[in-house]
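Readers should treat all values here as calculations from the given coordinates under stated rules, not as data from a laboratory. All values derive from a computational prediction rather than experimental measurement.
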Amino acid sequence: MKHTRSLSSNQRGVVLIVSLLLLLVMTILALSISQTTTLEERMAGNTRDQELAFQGSEAGVRAGEERLDAAADPVSCTSLASCDSLVQGTFSGVDLSQKDDTWWSANGAEYGASGSHDITEVSQDPKYIVRVRGRLSDSLEVGSQKVTYYEVTSRSYGKTTNSQAVVQTIYAKRTLH
């Protein structure tokens with residue numbers, strides 16, 4: 001009997017050490033999982049912010065195209081004040097995605113009603129620029145329809161100003177001239 005008593009009293013300290021080691025391993029796993037979850041939440045938030053910026057830019061492009069549809073003769077427009085169309089060469093060779101807020105405020109047309117915040121999901125309403133890129137005749141006949149090509153560029157932020165998207169399309173409109 002003495003032999004069993006000494007064996008069991010020697011094992012009591014080992015159980016405590018093994019329990020503490022297991023607790024340490026579980027704590028490290030819990031911290032690792034917590035950091036991974038936090039990182040994934042940030043990634044999802046950034047992706048959502050970028051998607052909102054892209055959708056805002058798409059809305060700006062559509063607003064520019066609708067403005068061109070509504071104008072009787074957008075080719076004659078030479079300033080933003082008349083129909084938000086600028087003649088080719090006004091911004092030749094300029095990368096509009098690199099322009100800052102001041103430039104976009106001075107040159108871009110605001111989506112929706114000016115001065116109001118129409119798209120509440122984004123930090124500010126998108127701005128767009130319409131440029132006349134060129135005109136071609138449909139045929140060689142005098143008085144035939146002409147096709148005017150426009151470049152519509154829009155920029156928007158997401159929910160925060162940390163992400164922005166710039167979308168650009170080419171739009172064609174037929175006119176008689």
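Is the stretch 11-70 best put as rounded, prolate or oblate by its Cα gyration tensor, with a ≥ b ≥ c the root eigenvalues, rounded for a/c under 1.5, and otherwise prolate when a/b is larger than b/c, oblate when not?
Prolate.
Ignoring solvent entirely, what values of log10 I(q)/I(0) come out of the Debye formula for the stretch 97-177 at 0.12, 0.14, 0.18, 0.27 Å⁻¹ when each Cα is a single scatterer?
Listed by q, the Debye log ratios stand at -0.47, -0.58, -0.77, -1.27.
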